[in-house]
1. Provide the FRET efficiency to the nearest 0.05 for the residue 335-residue 292 pair, computing r from the beta carbons and using R0 = 35 Å.
2. Expressed in nm to one decimal, what extension gain is obtained for the pair residue 14 and residue 127 from 0.36 nm per residue of sequence separation less their Cα-Cα distance?
3. Tell me, 15, 100 in order of fewest to most beta-carbon neighbours within 10 Å?
4. Arrange 48, 209 by Cβ neighbour counts within 10 Å, fewest through most, would you?
5. Give me 250, 17, 306 sorted ascending by neighbouring Cβ count inside 10 Å, so fewest comes first.
6. Looking at the chain only, what percent of DSSP beta bridges run antiparallel? Nearest 5 please.
7. Mark the label point 7 Å from the Cα of residue 326 along Cα→Cβ and return the residues of segment 272-308 whose backbone N is within less than 18 Å of it.
8. Can you give the angle from 0 to 90° between the axis of helix 94-104 and the longest principal axis of the chain, with both taken from C-alpha atoms, to the nearest 10?
Ligand SMILES: Nc1ncnc2c1ncn2[C@@H]1O[C@H](COP(=O)(O)OP(=O)(O)OP(=O)(O)O)[C@@H](O)[C@H]1O
Ligand SMILES: [Mg+2]
């Protein structure tokens with residue numbers, strides 16, 4: 001079996017008193033689209049800069065393709081990094097911007113031309129090769145930065161919020177393009193973002209980071225459907241998290257009682273748990289269903305186009321949100337007024353009792 005593209009073992013980084021990255025072990029596979037997702041300041045850029053060699057780990061080791069890169073400078077690592085502020089040379093044409101690195105490396109003229117043409121084709125800029133950066137849109141400039149990153153054919157490309165400067169529409173288009181590009185160039189992409197939807201859309205696997213620590217690594221569906229902590233449950237998508245406790249094998253929520261739930265990991269009897277259940281996994285009805293159901297009062301109905309979101313107060317302390325696809329809204333639900341009685345229910349497999 002070949003070595004992973006990137007392996008971090010016990011890597012940490014401190015700046016004075018600040019520990020930006022707590023002890024981290026991580027393996028990223030060859031040709032994987034791997035995202036690092038987390039809020040501002042959680043250590044994403046620091047982690048990437050250590051992989052790239054712009055920053056030296058305080059402790060631990062980093063391997064690229066099975067070889068330790070401790071002490072190896074950035075230019076000798078087989079990777080390229082794309083930053084949020086992708087400085088292009090303003091006086092050089094698109095093609096010359098892309099060619100620059102190859103020329104520095106003294107690659108032959110014919111090969112430079114050939115590789116630049118191919119790189120521009122991959123990012124669909126072949127028609128704009130002679131323009132200057134100032135004559136391009138934001139998205140086109142971003143593509144030049146990508147072409148520059150792939151032209152040297154590194155085995156790893158690190159992208160730090162590369163779409164941050166683009167508007168929503170362009171971001172969506174570039175997400176699709178990036179994913180296509182990654183498939184075509186067979187390169188490991190490590191992608192930093194604080195946009196959870198972006199990470200879910202593009203990644204093979206996602207690492208969710210908080211306060212310098214990777215809390216969970218998994219496929220988009222694992223991260224979304226099976227979070228192992230309150231933080232991951234709430235950070236990805238929208239999720240109800242209600243405080244409760246584990247009591248004699250059951251999960252009990254104050255003022256509600258025993259609720260269906262799947263307990264995640266080892267949780268001692270009496271320990272506090274957060275009950276995480278997504279709005280789309282809660283069934284909301286105007287009459288009491290068979291079996292488990294919680295009675296509540298409707299506080300609000302919000303129409304978002306593809307779905308209706310219902311806020312329901314189930315006790316003075318607990319407030320839950322249930323969502324219903326617009327196409328499945330019943331006439332009964334459509335006419336419930338604020339203050340009206342509704343019933344909420346869910347299956348044990350859709351509610352996760354989380355200790356952390
Ligand atoms: N050179 C530095 N000197 C001191 N502290 C630093 C330095 N670089 C980063 N930090 C601190 O390390 C922590 C992590 O920063 P980092 O830039 O890795 O966060 P991030 O997850 O990339 O955030 P953002 O989403 O805002 O880009 C922060 O508390 C930051 O202030
Ligand atoms: Mg950053």
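We did not get these values from a lab; they are worked out from the coordinates using the rules stated. Computed from a predicted model, the values in this text were never measured in an experiment. Every residue, glycine as well, gets a Cβ built from its backbone with ideal geometry; the counts of neighbours run over all protein chains shown.
1. Efficiency, from the Cβ-Cβ distance: 0.90.
2. Stretched fully, the residue 14-residue 127 segment lengthens by 36.1 nm.
3. The most exposed by this proxy come first: 15, 100.
4. 48, 209
5. Working: 250 16, 17 5, 306 9.
Ordered from fewest to most neighbouring Cβ atoms within 10 Å, 250, 17, 306 come out as 17, 306, 250.
6. On the way: 55 of 76 bridges.
DSSP beta bridges in the chain are roughly 70 percent antiparallel.
7. Counting only backbone N, you get 280, 301-308.
8. For 94-104 against the chain, the angle is about 70 degrees.
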